[in-house]
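Please read the structure below before turning to the comments.
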Amino acid sequence: MVLGVAVLVATPSVIERLPVGASDIAAADLLARVQSSTATPYSGYAQAVGGVVLPVTDGLGGLPDLLGDTTSMRVWYLGPDSWRVDNVRLAGERDLYRTPTRLWRWDYEQNTAVSTPVPEPSLRLPREADLLPPELGQRLLSEATADEVSRLPARRIAGRDAPGLRLVPGEPQSTITEVDVWVDPDTGLPLQVDVLGAGSTRPIVSTTFLDFSGATPNADIVRFRPPPGADVQQQGGTDIASFADRIDTAGLPASLADLGLNGRDGQGSVGIYGRGVTELVAAPLPRRAAGSLVDQLRAAPGAVVTGNSVAVSIGPLNVLVTEPIADGLRYLLSGTVTPQTLATAAQQLGADT
């Protein structure tokens, strides 16, 4: 019995040390597999490690934890509108359930279930599930072209031989220097993603599966039923991004800082410029939210205050709150673009309003 337990414990580490099989799949073909894998079912256990020390902890949702800490997640994914992600923590679990009509957030420790209708706002703050290797990899490679990617040697990840792919952004405005993705060749799903930024000595974010299955999960495991006695709450979007979506503003310009307006549907009053790993978001701010955010950013180490505007760099993400423009309205400009790109965008918004 003792020998049997020892064999079971040792097996995963032994598998990881086995020679990795070479793969001759072309970079363009591997990219196409990733881009067509968004509806592919899977399950697994993943861990994301952030390599950024953030100067702010409020006003930007879960960014401090997502980019500066370790996030452990268990996932069951049936499709884009049917999945479950458990954020496994020492203090308990916080689970996220997606159904065709609702998004449920379950906090085991607080015994609280919060239901939000879908679809979600066109712009939202990040959450743990965004760091799953398939979610992050598919997102970053979604608009990549064949001439922007090249092959990397395969790695053994979660017991699978995964050929690698490197994306080097073509836009000079980007703060991301490369994105490395290792892919399960059978499903096209990313198994590991490393994001590197200018001047960084280690990945800004590295997320990888420790356990992975390409089998379709049981549908019952992604179905949420509030436990008896749970505090069940109904909630709409309440963060800065969802508030911005409710503000009636004049049409945004077709381009900002030489980045074209992305043609996504349902952007509302939020403008998303650029593509893939090089994006700039322009969101109008409610006056109360603008004042609070400006105060927080002004107090952050490294904040750059120019007149009534303030800018902060958060790893590869740069954030700028503009001076009041038309009728006192301010914009939150943010994205994986350089500070100069945001400054140029702010000047253009001021000139166009």
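The values are calculated or read from the model by the stated rules, or taken from the named source; none is laboratory data. Bear in mind the structure is a predicted one, so any value in this text is a computation, not a measurement. Cβ: placed from backbone, ideal geometry, glycine included. Neighbour counts: every protein chain shown. For accessibility, only protein heavy atoms count, side chains too; no ligands or nucleic acids. Shrake-Rupley method; radii C 1.70, N 1.55, O 1.52, S 1.80 Å.
List of remarks:
- Over the range 134-192, the ratio between the Cα radius of gyration and 2.2 N^0.38 Å evaluates to 1.12.
- Solvent-accessible surface of the range 294-353, averaged per residue with a 1.4 angstrom probe and all protein chains in place: 43 square angstrom.
- Packing order of peptides 131-140, 300-309, 164-173, 320-329, highest average first: 131-140, 164-173, 320-329, 300-309 (average count of other Cβ atoms within 10 Å over each peptide's residues).
- Local charge for Pro169 was computed over the other residues whose Cβ lies under 9 Å away, with Lys and Arg +1 and Asp and Glu -1, and equals -3.
- Net charge contributed by nearby residues that have their C-beta within less than 12 Å of Ala91 (K/R +1, D/E -1): -1
- Segment Ala254-Arg288, extension gain: residue separation times 0.36 nm, minus the distance between their alpha carbons: 9.4 nm
- Near Ala311: Cβ cut-off under 14 Å, other residues only, Lys/Arg at +1 and Asp/Glu at -1. The net charge is +1.
- Each residue of the range 203-209 was assigned a 3J(HN,Hα) from its phi angle through the Karplus expression (A = 6.51, B = -1.76, C = 1.60, θ = phi - 60°), giving x, 5, 9, 10, 10, 8, 7 Hz with x at Gly and Pro.
- Per atom type, the range 88-243 shows carbon and sulfur on 52% of its accessible surface, probed at 1.4 Å.
- Shape call, the range 161-217: gyration tensor on alpha carbons, a/c limit 1.5: prolate
- Near the amide H of Val310, within less than 5 Å, lie the amide hydrogens of Val321, all on another chain or at least 5 residues away, with H placed in the peptide plane.
- Couplings 3J(HN,Hα) of the range 84-101, computed from phi: 9, 10, 9, 8, 8, 10, 4, 7, x, 10, 10, 10, 10, 10, 10, 10, x, 10 Hz, in residue order, whole Hz [Karplus 6.51 cos²θ - 1.76 cosθ + 1.60, θ = phi - 60°; x for Gly and Pro].
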